[in-house]
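Enquirer: Got a structure here, written out as structure tokens. Questions coming.
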Amino acid sequence: MLHKKAYVLALAGLLVASSSFREKSVPAKTAPADLVEPLVDSANSRWFFFSSATRPFGMVNLSPDMALNGAWNSGYRYNEDSIKCFSHVHAWQMSGIPVLPTTGTFKGHLGPDAYGSRYSHKTELAKAGYHKVVLDDYQITAELTATTRVGFHKYTYPQAEQSHILFDFATILGNSEQQSGSIHKVSTTELEGYTVMAPTSRRPKPFTIYFVAVFDKPFEKFSGWKDGKLVTVEDKIEGEKTGAYVSFPTKKGEVRQMKVAISYVSTEQARLNLTTELPHWNFDKTRTEARADWNDWLGRMEIEGGTLTEQRRFYTDLWHALQGRRIVNDVNGKYLDMTGPERRIGQIPLGADGKPKFNHHNSDSFWGAQWSLNTLWHLVYPEVSESFVNSMLMMYDDGGLIPRGPSGGNYTYVMTGASSTPFIVSAWLKGIRGFDINKAYEGLRKNHFPGGMMSKAGYEHNTFKGGGIEAYMERGYVPHPLYKRRYGGHQDGSAQTLEYAYQDFALGQLAHQLGKKDDYALFTKRAENYKNIWNPELGWMWVRDTTGKWAEPVDILRYDNGWEEGNAAQYTWFVPHDVQGLIKLMGGNEAFVTKLNGSFEKAENHDFVSGKSHDKETLEEYRRVYINYGNQPSMQTPWLFNYAGAPWLTQHWTRQIIEKVYSGISPQEGYSGDEDQGLMGSLAVLLKTGLFSTNGGTSEKPFYEITSPLFSKITIHLNPDYYPGGTFTIDTKGKGTYIQEATLNGSPFTRPWVLHETLVKGGTLTLKMGANPNKNWGSRPEDAPPSMSNLR
């Protein structure tokens, strides 16, 4: 688990105040962890989406799997009728160590479809740090919890002459096949071994997961299978398509417990993780500690008011923001490095306490994170941001590039651009300084030139062509098509142009603060390149080829074809660093507001998403939309009204988005297809908190835009090791969607944005709310948030 500062509040019994609402009020003394609903949208899970028995950012996240093969539509799937296994790793391009308890004649060698079990949601309980389910075919009650690196299993068996626990290293988990495995019987209470997870199209090299499994009672028999057939085993079985199991008789109600520790380094390291984190056999103690751990983390944001469902969904959103991007180092700081030609074991520097100074992380791309994780983590969990930055810089030391999505020690080159730039720049500008800024700047700058991340399109492992950075530097835009062939996924020039221009602005702001005048001028000039794909006759951003000609025919709703997971109607608003410049291109505030509001009115007809699940968003007819809150490119759009003198429309549309997209606790929907390891969870938290940052906190003085919060009171407990203010509270008076007037620490506050440096000094922002818009509040030209055009 990440090292938490000593100040963390003891919030296991946090009071979440109630008020009068449309439904049953929140029970007194309800802890945040008890409000989390892991089953939200679990009918549409992708492999790394669902979590239950895990800690914040846990290396282990142990949960049932109903579908095993595929990156999408796999893992926990609420509507499926059988559980195939419990596996320990659900991460970006990573999976591993599937197990299952069974009884009767052994069927493990026949595969998951044969040995899996029916179950019922009526006897299931999924909570933060805990999962309980009954395997109906075997009448086994399975309970799961975890430390950061150890899964803890508690199985209550029926009377049976033959009871078993199997380890299946012949399956496909997520999108990764298990190439081979090895399981060794150490004693009648311990197994150890490993499984090699095959490369994928996104993670180009294999990696090995090592494990140690210990049992609280001796087993009688150790057996195995290979190529679907049972084989005679003495103390070890290894090779391709193998598995092993232990057997023992059980009495009715007999409890058997198992602890499974993992490591990406060695079995010795897995054993160290086990003995360090879980030396005892007290399952309830570990479950209680997991709940308390989650309460500490979730309790940094304290809410009052709203309905019980709204509070449950808020903490579920926050829960998602704090777990998808997994820790991958061991307790002593050893980690796997696969960036070079040979497998290498690295060591994180240790502090004076002998513990790693930070953690190494597996992570999906930070593409779009400027509108979600940047804002939430930097403000509420700055030590998390610092750990991630140091993790990126360690990978720069190892492999020569700051990553945009590492997995299994590999670069994946997921998505496009230098998406780590805004994350690292905004961290530094907000005062998160526990990393080597000179090294960071060196690595970030490299990514903005040929040979860096801007040279690579998505999953372009062996070339540096698909990013089109040379064309961007020469022509001021990335053409589409760039070449006759595609060198990587997401080779979509107009979207890349907009992304690069924003990231150049961010790096320019850091260069300015570091006194690098020439770089500041260079990157600020490049940040204007968004203008080069503005088609004034069309009135939208559009696609240009290598000769400069506009693409034909024109269809602003056409998906991809120059746009990454979006279209021209959505990407036209992607100028987060210079909204005022975009307003000018469109002819001023009135024209801008009319155009943007029209997009929202059209998007309202389809609930602001392109289908409520991934299988819908892949269909062409669902992709022809003006705004899509099921993916990242449109995240910032409702806040743009704040820049154009119409903050009441920001307040209106953010509330509508909450209601249509990020409300409710149904297993059938909730994130509309693509939660992406906390991006949508953290966005939902920001929507409901009423704070956002269109430029991702990358201006020299970072700031937050304001909209109407969902709750009557929100208290952010600031980390004093980074911010001096103690708490910052957003307090609403009255009912309604629209801000009528505001005060900050008792003084009138007339603009819809607040500086980061002001907020982290602590205090209270009080918002008087009403049912009708106050079109005077925050609407004067001088009230608009800063943009690049009016910063110079």
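Enquirer: Which residue, of ILE658, ILE665, ILE730, is under 28 Å from SER420 (Cα atoms) and surrounded by fewer than 24 Cβ atoms within 10 Å (Cβ to Cβ)?
Expert: ILE658
Enquirer: Can I ask one more? Can you name the residue in the range 68-94 that is small (Gly, Ala, Ser) and within 19 Å of ASP674 (Cα to Cα) and is also nearest to the chain's Cα centre (by Cα) among such residues?
Expert: Out of the qualifying residues, it is ALA91.
Enquirer: Which is crowded, with 20+ Cβ neighbours inside 10 Å and hydrophobic (A, V, I, L, M, F, W, C), of PHE449, PHE464, PHE435?
Expert: Result: PHE435 is the single residue among PHE449, PHE464, PHE435 that is crowded, with 20+ Cβ neighbours inside 10 Å and hydrophobic (A, V, I, L, M, F, W, C).
Enquirer: Give me the pairs: first residue in the range 32-50 and closer than 18 Å to VAL133 by Cα, second residue part of a loop (DSSP other than H, G, I, E, B) and β-branched (Val, Ile, Thr), beta-carbon distance under 7 Å, and six or more apart or on different chains, which are they?
Expert: So the pair list comes out as GLU37/ILE665; VAL40/ILE665.
Per-residue answers, yes or no, for (1) charged (D, E, K, R); (2) buried (at least 24 other Cβ atoms within 10 Å of the Cβ); (3) not in a loop (DSSP other than H, G, I, E, B):
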{"site": "LEU144", "(1), (2), (3)": "no, yes, yes"}
{"site": "THR156", "(1), (2), (3)": "no, no, yes"}
{"site": "GLU161", "(1), (2), (3)": "yes, no, yes"}
{"site": "VAL196", "(1), (2), (3)": "no, no, yes"}
{"site": "VAL214", "(1), (2), (3)": "no, no, yes"}
{"site": "GLU234", "(1), (2), (3)": "yes, no, no"}
{"site": "GLY243", "(1), (2), (3)": "no, yes, yes"}
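Enquirer: Taking only pairs six or more apart or across chains, which ones have beta-carbon atoms under 6 Å, a first residue in the range 110-124 that is assigned by TED's automatic domain parsing to the domain that holds PRO98 and modelled with pLDDT of 95 or more, and a second residue that is assigned to a helix (DSSP H, G or I) and surrounded by 12 or more Cβ atoms within 10 Å (Cβ to Cβ)?
Expert: TYR115/GLY108
Enquirer: In the range 271-287, which residues are assigned to a helix (DSSP H, G or I), touching a residue at least 60 places away in the same chain (Cβ under 8 Å) and not β-branched (Val, Ile, Thr)?
Expert: Within the range 271-287, ARG271, LEU272, ASN273, LEU274, GLU277, PHE283, ARG287 qualify.
Enquirer: Further question on the same structure: State the number of residues belonging to the range 743-756 that are touching a Lys or Arg at 6+ places or on another chain (Cβ under 7 Å) and either surrounded by fewer than 20 Cβ atoms within 10 Å (Cβ to Cβ) or in a loop (DSSP other than H, G, I, E, B) (or both).
Expert: 1
Enquirer: Can you find a residue in the range 104-125 that is charged (D, E, K, R), in contact with a Gly (Cβ under 9 Å, 6 or more places away or on another chain) and within 30 Å of LEU278 (Cα to Cα)?
Expert: Scanning the range 104-125, I find no residue that is charged (D, E, K, R), in contact with a Gly (Cβ under 9 Å, 6 or more places away or on another chain) and within 30 Å of LEU278 (Cα to Cα), so the answer is no.
Enquirer: Same structure, new question: Exactly one condition in (1) surrounded by fewer than 21 Cβ atoms within 10 Å (Cβ to Cβ); (2) within 29 Å of TYR441 (Cβ to Cβ) is false for GLU564; which is it?
Expert: (1)
Enquirer: Taking into account only those residues within the range 771-792 that are surrounded by fewer than 15 Cβ atoms within 10 Å (Cβ to Cβ) and not in a helix (DSSP H, G or I), which is modelled with the lowest pLDDT?
Expert: Step by step, filter the range 771-792, then rank; the result is ARG792.
Enquirer: Out of the range 374-420, which residues are in a helix (DSSP H, G or I) and either at pLDDT below 95 or under 20 Å from GLU564 (Cα atoms) (or both)?
Expert: Within the range 374-420, ASN374, SER420 qualify.
Enquirer: Additional query: Residue by residue through the range 235-269, note down the ones that are aliphatic (A, V, I, L, M) and farther than 30 Å from ILE348 by Cβ.
Expert: Those that are aliphatic (A, V, I, L, M) and farther than 30 Å from ILE348 by Cβ: ILE237, ALA244, VAL246, VAL255.
Enquirer: Please go through the range 283-317 and pick out each residue that is among the hydrophobic types (A, V, I, L, M, F, W, C) and within 27 Å of ALA142 (Cβ to Cβ).
Expert: Scanning the range 283-317 gives PHE283, ALA290, ALA292, TRP294, TRP297, LEU298.
Enquirer: Still on this model: crowded, with 17+ Cβ neighbours inside 10 Å, at pLDDT 90 or above and touching a Lys or Arg at 6+ places or on another chain (Cβ under 6 Å): which single residue out of ASP578, ASP607 fits that description?
Expert: Result: ASP607 is the single residue among ASP578, ASP607 that is crowded, with 17+ Cβ neighbours inside 10 Å, at pLDDT 90 or above and touching a Lys or Arg at 6+ places or on another chain (Cβ under 6 Å).
Enquirer: Quick check on the range 484-505. Is at least one of its residues surrounded by fewer than 24 Cβ atoms within 10 Å (Cβ to Cβ) and touching a strand residue (DSSP E or B) at 6+ places or on another chain (Cβ under 6 Å)?
Expert: Yes: the range 484-505 contains one or more residues that are surrounded by fewer than 24 Cβ atoms within 10 Å (Cβ to Cβ) and touching a strand residue (DSSP E or B) at 6+ places or on another chain (Cβ under 6 Å).
Enquirer: What residue, of LYS525, LYS465, LYS484, is of a type in the set (D, E, K, R), touching a residue at least 12 places away in the same chain (Cβ under 8 Å) and out of contact with any Pro (no Cβ under 7 Å at 6 or more places or on another chain)?
Expert: LYS465
Enquirer: Would you say GLY431 is outside any helix (DSSP H, G or I) and modelled with pLDDT of 95 or more?
Expert: It is true that GLY431 is outside any helix (DSSP H, G or I) and modelled with pLDDT of 95 or more.
Enquirer: Would you pick out the residues in the range 312-327 that are of a type in the set (A, V, I, L, M, F, W, C) and farther than 14 Å from ILE658 by Cα?
Expert: Hits for the range 312-327 are LEU318, TRP319, ALA321, LEU322, ILE327.
Enquirer: Of all the residues that make up the range 104-131, how many are surrounded by 19 or more Cβ atoms within 10 Å (Cβ to Cβ) and farther than 23 Å from THR171 by Cβ?
Expert: Looking only at that region, the number is 4.
Enquirer: May I ask you to say which residue of SER18, SER74, SER52 is at pLDDT below 95 and under 30 Å from PHE711 (Cα atoms)?
Expert: One residue alone meets the criteria, SER18.
Enquirer: Has the range 348-358 got any residue that is under 13 Å from the mean Cα position of the chain (by Cα) and either at positive phi or at pLDDT 95 or above (or both)?
Expert: Checking the range 348-358: not a single residue is under 13 Å from the mean Cα position of the chain (by Cα) and either at positive phi or at pLDDT 95 or above (or both).
Enquirer: Which residues, taken from the range 225-269, are under 38 Å from the mean Cα position of the chain (by Cα) and under 21 Å from TYR155 (Cα atoms)?
Expert: GLY243, ALA244, TYR245, VAL246, VAL255, ARG256, GLN257, MET258, LYS259, VAL260, ALA261, ILE262
Enquirer: Moving on. Somewhere in the range 311-327, is a residue touching a residue at least 12 places away in the same chain (Cβ under 8 Å), part of a loop (DSSP other than H, G, I, E, B) and over 22 Å from the mean Cα position of the chain (by Cα)?
Expert: no
So that you can scan it fast, the table gives a plain yes or no per residue for (1) at positive phi; (2) among the polar types (S, T, N, Q):
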site	(1), (2)
THR267	no, yes
PHE314	no, no
LEU318	no, no
LEU336	no, no
GLY368	yes, no
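Enquirer: Scan LEU39, LEU11 and give me the residue that is at pLDDT 95 or above, assigned to a loop (DSSP other than H, G, I, E, B) and not assigned by TED's automatic domain parsing to the domain that holds LEU718.
Expert: On inspection, the qualifying residue turns out to be LEU39.
Enquirer: Any chance the range 710-719 includes a residue that's more than 25 Å from TYR315 (Cα to Cα) and either modelled with pLDDT under 95 or among the hydrophobic types (A, V, I, L, M, F, W, C) (or both)?
Expert: no
The values are calculated or read from the model by the stated rules, or taken from the named source; none is laboratory data. Bear in mind that the values here come from a model prediction, so they are computed numbers and not experimental data. Note: ideal-geometry Cβ built from the backbone for every residue, glycine included; neighbour counts use all protein chains shown.
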